[in-house]
Amino acid sequence: MLSIAHALDQQLRAAMERAFPEACEAARQAGAPLSPQLAPASKPEFGDFQANGALPLARPLKRAPRQIATAIVEQLQADPAFQALCEPPEIAGPGFINLTLRSTTLAAEVARRLADPRLGVAPAEGAAPVVLDFSSPNIAKEMHVGHLRSTIIGDSLARVLEFRGHPVRRLNHVGDWGTQFGMLITHLKQVAPDALTTADAVDLGDLVVFYRQAKQRFDGDPAFQEASREEVVRLQSGDALSLKAWGLLCEQSRREFQRLYDRLDIRLEERGESFYNPLLEAVVEDLRSTGLLVEDQGAQCVFLEGITGKDGQPLPLIVQKSDGGYNYATTDLAAIRYRFAAAPEGDGARRVIYVTDAGQASHFAAVFQVARRAGWIPEGASVEHVPFGLVQGEDGKKLKTRSGDTVRLRDLLDEAVERAEADLRRRLQEEERQEEEAFIRHVATTVGLAAVKYADLSQNRNTNYQFSFDRMLALQGNTAPYLLYAVVRIAGIARRGGDLGADPGAAVLRFTEPQEWALTRQLLQMDAVIEEVEHDLLPNRLCAFLFELCQVFNRFYDQVPVLKADEPARTSRLALCRLTADTLRLGLGLLGIATLERM
Ligand code: ARG
């Protein structure tokens with residue numbers, strides 16, 4: 001209802017202007033223009049909106065706020081455009097103006113959305129390029145549940161921003177550079193030289209084991225350390241054999257990651273840490289020339305403002321180690337500089353977003369500060385870290401397999417799908433339904449993956465999240481199956497003869513029952529919720545809205561006849577059913593969740 005709210009805001013402003021021209025002018029002069037303070041009604045019995053702007057006028061006008069509210073309402077009522085939108089306003093409490101939309105306004109809004117493939121969600125004014133850095137696993141290491149969270153949350157944010165019309169670069173900042181490759185290559189040379197010259201000589205699982213062994217040797221064996229360092233130098237100086245080995249290792253991981261992205265229907269553009277390697281020197285030079293760089297015990301650093309260590313002294317961000325090597329932070333500085341730099345030298349982003357676990361918050365705070373002080377973040381552009389909590393098992397501890405190993409993502413998705421299939425088969429048996437195997441497979445896959453995604457997205461991402469197959473697959477509660485089932489329920493109405501394709505137009509729509517109004521009002525909030533997610537980057541807001549929508553819909557559908565109703569109620573109710581299904585499909589689609597017609 002954003003367009004309606006916008007119109008009301010304008011009408012209220014004009015009414016205040018007409019009622020109290022001097023006070024409005026004085027407030028403008030003072031640099032604090034008066035606002036009608038329009039907000040959604042705090043309770044349904046107060047109508048749709050409330051305007052609290054009369055209260056702050058009481059003091060300058062030396063009048064009771066109720067009197068002021070009355071004067072504003074008089075002016076509002078003199079405006080035919082306002083009268084067309086709203087019932088006569090009511091003044092409540094100390095001077096709140098309660099606004100209730102006319103039923104014709106609501107019906108027209110329903111009709112407008114039914115006729116619009118975007119369901120009334122306008123594209124953003126001033127669409128601006130976004131860089132969204134998410135997923136970002138590390139080569140030769142297994143992707144873990146933290147990366148899964150980043151992948152799922154990042155994808156959903158990308159979808160929302162794209163839907164609002166922003167060009168989004170979905171960047172996979174994979175860890176594909178650095179000392180770990182020196183270790184790994186040195187170790188492989190000795191134990192599995194084939195892996196360095198032949199594609200697919202080992203699989204990723206083995207590679208992960210080799211990496212662990214290499215790390216162990218590195219930590220305990222000075223000769224191995226030395227050899228690894230030399231290997232890194234060879235790689236960084238572009239030695240052909242080292243580069244080839246590195247390329248093979250990356251390819252191996254890349255294919256494994258891609259399988260997971262394909263399965264989750266997630267698109268990403270790989271631009272790993274190695275991409276920024278040629279730019280690192282310039283970053284350090286840039287920091288030197290702006291006077292930010294300080295040498296501290298042989299390392300090049302920038303001392304952070306307002307970020308202190310235990311001793312109260314400013315903490316340094318190290319950008320070049322004493323041995324001349326660069327680190328994770330240097331790469332991120334190069335990345336942020338590149339992302340904001342104008343094309344063709346950079347991405348020309350106006351908003352850069354990083355989705356990682358909350359543990360990296362101080363890293364990003366430091367990188368953002370240095371980038372800002374170095375002047376790399378343009379005026380008006382924004383940079384945001386989107387943190388998330390840990391994934392825990394049902395015992396509240398770190399998620400592990402029964403044998404205590406880290407959970408492999410492939411296994412996790414497999415188990416979700418298997419359990420969804422078992423649930424489905426049980427239900428089919430109870431309902432004595434016969435279904436084809438292909439149907440069962442399709443439904444189980446859709447439900448299983450939806451459950452994993454939705455369970456993650458429906459949590460406020462800032463909190464730790466307890467992973468539970470039973471909870472995420474339940475048919476009741478704030479779960480994917482519950483939402484998917486509502487879509488199926490509506491599709492069933494069409495199968496039983498309800499026309500869900502028609503565009504009845506506002507003139508035909510007639511709503512009389514409170515359940516209809518409740519559903520209408522819920523449906524009309526979709527645009528505001530999407531804008532909220534676009535700004536706050538909290539997908540759980542969209543989940544909460546969709547869950548609430550299903551509950552309101554189910555109440556409507558259980559209490560009010562649809563197919564058996566007489567006209568014009570039947571057509572009007574079918575229109576609400578269709579808008580509900582469309583809203584759920586769009587909303588779930590923005591969460592990266594596919595819907596079903598039957599389940
Ligand atoms: N590879 C890192 C990790 O696994 C995440 C990278 C996040 N993005 C970034 N620009 N630092 O923790």
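Which FRET efficiency, nearest 0.05, do residue 194 and residue 240 yield, Cβ-Cβ r, R0 25 Å? Provide the component values of the computation, followed by the final result.
Numbers: r = 18 Å, r/R0 = 0.71.
The computed FRET efficiency comes out at 0.90.
Under the 0.36 nm per residue contour assumption, what length would be gained going from the current alpha-carbon distance of residue 558 and residue 418 to full extension?
47.2 nm
Round to the nearest 0.05 the FRET efficiency obtained for residue 425 and residue 476 when R0 = 25 Å and r is the Cβ-Cβ distance. Can you show the working numbers first?
Details: r = 19 Å, r/R0 = 0.77.
E between residue 425 and residue 476, to the nearest 0.05, is 0.85.
Based on DSSP H runs of at least 4 residues, each adding -39500 (n - 2.57), what is the mean residue ellipticity at 222 nm of the chain after dividing by all its residues, to the nearest 500 deg cm²/dmol?
Taken over the chain, the calculation gives -17000 deg cm²/dmol.
Which residues does the label zone of residue 62 cover in the range 1-36, counting backbone N under 15 Å from a point 7 Å along Cα→Cβ?
23
Considering the dipole of the chain built from charges on the beta carbon (Lys and Arg +1, Asp and Glu -1) around the Cα centre, which of 306, 105, 228 is farthest to its positive end?
105
Any idea what angle helix 280-289 forms with the longest principal axis of the chain, computed on alpha-carbon atoms, 0 to 90 degrees, nearest 10?
70
Report, to the nearest 10°, how far helix 361-373 tilts away from the longest principal axis of the Cα atoms in the chain, using its own Cα long axis and a range of 0 to 90°.
Tilt relative to the chain: about 90 degrees.
Multiplying the sequence separation of residue 342 and residue 251 by 0.36 nm and subtracting their Cα-Cα distance, what value in nm do you get?
Details: separation 91, 0.36 × 91 = 32.76 nm, distance 3.05 nm.
Gain on stretching residue 342 to residue 251: 29.7 nm.
Which loop-located trypsin sites (Lys or Arg not before Pro) does the range 428-481 contain, where loop means any DSSP state but H, G, I, E or B and the Cβ has at most 12 other Cβ atoms within 10 Å?
Counting only loop positions with at most 12 other Cβ atoms within 10 Å, the trypsin sites (Lys or Arg not before Pro) in the range 428-481 are 433.
If the only charges are +1 at each Lys and Arg Cβ and -1 at each Asp and Glu Cβ, what is the size of the charge dipole of the chain around the Cα centre, to the nearest 20 debye?
1020
R0 = 25 Å: FRET efficiency of residue 104 with residue 28, Cβ-based, nearest 0.05?
The computed FRET efficiency comes out at 0.10.
Roughly how tilted is helix 409-430, in degrees to the nearest 10 and between 0 and 90, from the longest Cα axis of the chain?
On a 0 to 90 degree scale, this one is about 40.
By its C-alpha gyration tensor, with a ≥ b ≥ c as the square roots of the eigenvalues, how is the range 149-228 shaped: rounded for a/c under 1.5, else prolate for a/b larger than b/c, else oblate?
Details: a/c = 3.41, a/b = 2.55, b/c = 1.34.
Note, shape of the range 149-228 comes out prolate.
For the chain, what is the relative contact order in percent, using Cα pairs closer than 8 Å and at least 6 residues apart in sequence? Spell out each step's value before the answer.
Values: 914 pairs, mean separation 84.3, N = 599.
Computed over the chain, the figure is 14 percent.
With a point put 7 Å past each Cα toward its Cβ, work out how far residue 528 is from residue 598 in nm, to one decimal.
Placing both labels 7 Å along Cα→Cβ, they lie 3.9 nm apart.
Let me spell out the model: positive unit charges on the Cβ of Lys and Arg, negative unit charges on the Cβ of Asp and Glu, origin at the Cα centre of the range 542-585. What dipole size does that give, in debye rounded to 20?
80
Quick check on the chain: take the gyration tensor over C-alpha atoms, sort the square-rooted eigenvalues as a ≥ b ≥ c, and tell me if it's rounded (a/c under 1.5), prolate or oblate.
It is oblate, given that a/c is not under 1.5 and a/b is not larger than b/c.
In debye, nearest 20, what is the charge dipole magnitude of the range 183-276 about its Cα centre with +1 on Lys and Arg Cβ and -1 on Asp and Glu Cβ, if you could check? Numbers along the way, then the final one.
On the way: 13 positive and 17 negative charges, 14 e Å.
Here the range 183-276 has a charge dipole of around 60 debye.
Sort 408-420, 45-57 by the packing proxy (mean of other Cβ within 10 Å over each peptide's residues), most packed first.
45-57, 408-420
Quick note: the coordinates plus some simple rules give every number you see, no bench work behind them. Everything numeric here is computed off the predicted structure, so don't read it as measured data. FYI the Cβ positions are ideal-geometry reconstructions off the backbone, even for glycines, and counts take in every protein chain you see.
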